[in-house]
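For reference, the structure is listed below as structure tokens.
The values are calculated or read from the model by the stated rules, or taken from the named source; none is laboratory data. Because the structure is predicted, anything quoted here is derived from the model rather than measured. Methodologically, a virtual Cβ is constructed for each residue, glycine included, from the backbone with ideal geometry; neighbour enumeration extends over all protein chains shown. Heavy atoms of the whole protein, side chains included, go into the accessibility calculation; ligands, DNA and RNA do not. Shrake-Rupley method; radii C 1.70, N 1.55, O 1.52, S 1.80 Å.
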Amino acid sequence: LAPTTKYYVSAYAANEAGVAYGETRSFDTKAGKIFHVLTPSMIETYTQEIWEGPKEDLIDGSLTTYWHSAYSDDPGAEVHPLPHWIQINFTEAKKIGGFIYWHRNPSSTGGRPTQFDLQVSDDGSTWTTVWTSPVYTYVIDAAAYQAGNTVVFGQNFTSRFFRLRIIGTRSITDPTYPSGVLDYTYLAELKIFEDGTV
């Protein structure tokens with residue numbers, strides 16, 4: 001059943017004499033998350049490490065794999081500072097109201113995202129920032145790692161093209177991080193949903 005939808009139901013009995021209907025009743029389904037199916041061909045990343053962490057690992061359903069932006073000194077690695085982004089290209093306009101992400105684990109933690117924003121585009125070229133997250137506090141929590149981190153925008157944004165940008169990481173937002181500012185980031189999994197509660 002679709003979320004946040006009113007349905008009407010009625011019992012009936014049919015026999016040789018005909019069909020008799022009971023009282024019509026109605027109910028409203030609860031709101032929920034409608035997850036969009038993502039395929040590798042729909043995803044672009046900026047940037048991509050050439051030795052590990054392909055974009056396909058963002059949506060493979062495994063917490064043991066991960067996407068990793070570029071960090072190596074090899075030619076063609078194209079290392080750039082933040083923001084890095086994950087772009088989702090739909091064939092038609094879709095609504096997005098939030099996402100769930102999983103950290104890479106175990107790993108060094110300096111590249112873990114602490115702040116995101118969302119950009120939309122009608123043509124894939126001109127982008128508008130429509131939402132920016134607060135700065136999330138870095139916490140080591142095994143249970144939260146397994147459950148993922150759910151982020152809601154408070155409304156659904158409609159577009160064909162979306163860029164979820166990572167604009168802050170632990171190494172940037174945590175002054176106690178010992179290795180200084182890092183230019184890379186990584187995620188284990190990402191799910192995008194339409195929010196049925198708004």
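Each row is one residue, and each column tells you yes or no for (1) hydroxyl-bearing (Ser, Thr, Tyr); (2) touching a strand residue (DSSP E or B) at 6+ places or on another chain (Cβ under 8 Å).
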position	(1), (2)
ALA11	no, yes
ALA20	no, yes
ASP28	no, yes
ILE50	no, no
THR65	yes, no
PRO83	no, yes
THR109	yes, no
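Just to be sure, is GLU44 out of contact with any Cys (no Cβ under 7 Å at 6 or more places or on another chain), at pLDDT 95 or above and in a strand (DSSP E or B)? Step through it out loud before you land on a result.
Working: out of contact with any Cys (no Cβ under 7 Å at 6 or more places or on another chain): yes; at pLDDT 95 or above: yes; in a strand (DSSP E or B): yes.
Yes: the conditions hold for GLU44.
Name the single residue that is nearest to TYR66 (Cα to Cα) among those in the range 105-116 being open to solvent by 10 Å² or more (accessible area, probe 1.4 Å) and at pLDDT 90 or above.
Initially, the range 105-116 is screened for residues open to solvent by 10 Å² or more (accessible area, probe 1.4 Å), giving 105-109, 112, 115.
In the following step, the residues that additionally are at pLDDT 90 or above were identified as 112, 115.
Working: ARG112: 12, GLN115: 19 Å.
Once the filter is applied, the top-ranked residue is ARG112.
Checking each residue in the range 146-176 for being farther than 21 Å from TRP67 by Cβ, modelled with pLDDT under 95 and among the hydroxyl-bearing types (Ser, Thr, Tyr) picks out only THR176. Considering SER72, SER107, SER62, the condition of being assigned to a loop (DSSP other than H, G, I, E, B) and either aliphatic (A, V, I, L, M) or under 22 Å from TYR136 (Cβ atoms) (or both) is satisfied by SER107 alone. Only one entry in THR176, THR197 is surrounded by fewer than 17 Cβ atoms within 10 Å (Cβ to Cβ) and either in contact (Cβ under 8 Å) with a residue 12 or more places away in the chain or of a type in the set (D, E, K, R) (or both), namely THR197. Against the conditions (1) under 30 Å from THR185 (Cβ atoms); (2) at pLDDT 90 or above; (3) open to solvent by 40 Å² or more (accessible area, probe 1.4 Å), ASP74 satisfies every one except (2).
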